[in-house]
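The next block holds one structure in the form of structure tokens; read it before the comments.
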Amino acid sequence: MADLIVTLLKVAFVAVLWLFVLLVANVIRTDLFRTAPVVGPRERGKASAAVRSPEPRKRGKNEVKVLAIDTGPQTGTRLALVDEFRIGRSAECALILDDDYVSGDHASLARRPNGDWVLTDLGSTNGTFVNEVRVVTPTVVTASDSLRIGRTQMRLET
């Protein structure tokens, strides 16, 4: 009877171990081979309407123009901001962070028509943080906020 219990415990241990390996492989697969989100008909209409806007938006005197990296592998880097860009390890990202704690497509930073900047986590494994609070919904960020992605600390500057 004791041999049967030991054998069942061994089989259960191997099954749990394989389940863990499969979960880790799935996280790695989604991180490396992430595809762009599918845009539905409503969003597609909004995007095309935003593209058709002919009048250029005027910049204010104190408008945020630069993303400055304070800590991490690329300390001192300053990135001129465009209306929308992605941050991550992928070659398709505008800001590529060489950091093991950053996903391929980690986050996006976009400017709203009113000039506000919105930070969105793109389903990253380790999260995106504003003032050390994890971003779960698109969050408006200002020059007074501290952004953290992986080991990289950033801020917006005017």
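Kindly report the accessible area of segment 63-136 per residue (heavy atoms of protein chains, probe 1.4 Å, no ligands, DNA or RNA), in Å². Provide the component values of the computation, followed by the final result.
Numbers: 3620 Å² over 74 residues.
I get 49 Å² per residue for segment 63-136.
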Tell me whether segment 91-133 comes out rounded, prolate or oblate; compute the Cα gyration tensor, take square roots of the eigenvalues as a ≥ b ≥ c, and use a/c under 1.5 as the rounded threshold.
oblate
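What ranking of LYS10, LYS65 comes out by heavy-atom accessible area, probe 1.4 Å, highest first?
Working: LYS10 135, LYS65 80 Å².
Descending order: LYS10, LYS65.
Sort SER144, SER124 from largest to smallest accessible area, using a 1.4 Å probe on the heavy atoms of the protein chains. Before the final figure, lay out each step's value.
Details: SER144 105, SER124 15 Å².
The residues order as SER144, SER124, largest area first.
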Find how much the distance from THR30 to ASP116 grows on full extension, using 0.36 nm per residue of separation minus their present alpha carbon separation; answer in nm with one decimal.
27.9 nm
Kindly identify segment 66-153 as rounded, prolate or oblate by the Cα gyration tensor criterion: order the square roots of the eigenvalues as a ≥ b ≥ c, call it rounded if a/c is under 1.5, otherwise compare a/b with b/c, prolate if a/b is larger, else oblate.
rounded
Solvent-accessible ranking of PHE85, PHE129, largest area first, probe 1.4 Å
PHE129, PHE85
For segment 104-156, shape from the Cα gyration tensor axes a ≥ b ≥ c, cut at a/c of 1.5 then a/b versus b/c, turns out oblate
What span do the alpha-carbon atoms of segment 64-109 cover on each of the three principal axes, reported in whole Å from largest to smallest?
28, 22, 13
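The values are calculated or read from the model by the stated rules, or taken from the named source; none is laboratory data. Owing to the predicted nature of the structure, the values given are computational and were not obtained by experimental measurement. Heavy atoms of the whole protein, side chains included, go into the accessibility calculation; ligands, DNA and RNA do not. Shrake-Rupley method; radii C 1.70, N 1.55, O 1.52, S 1.80 Å.
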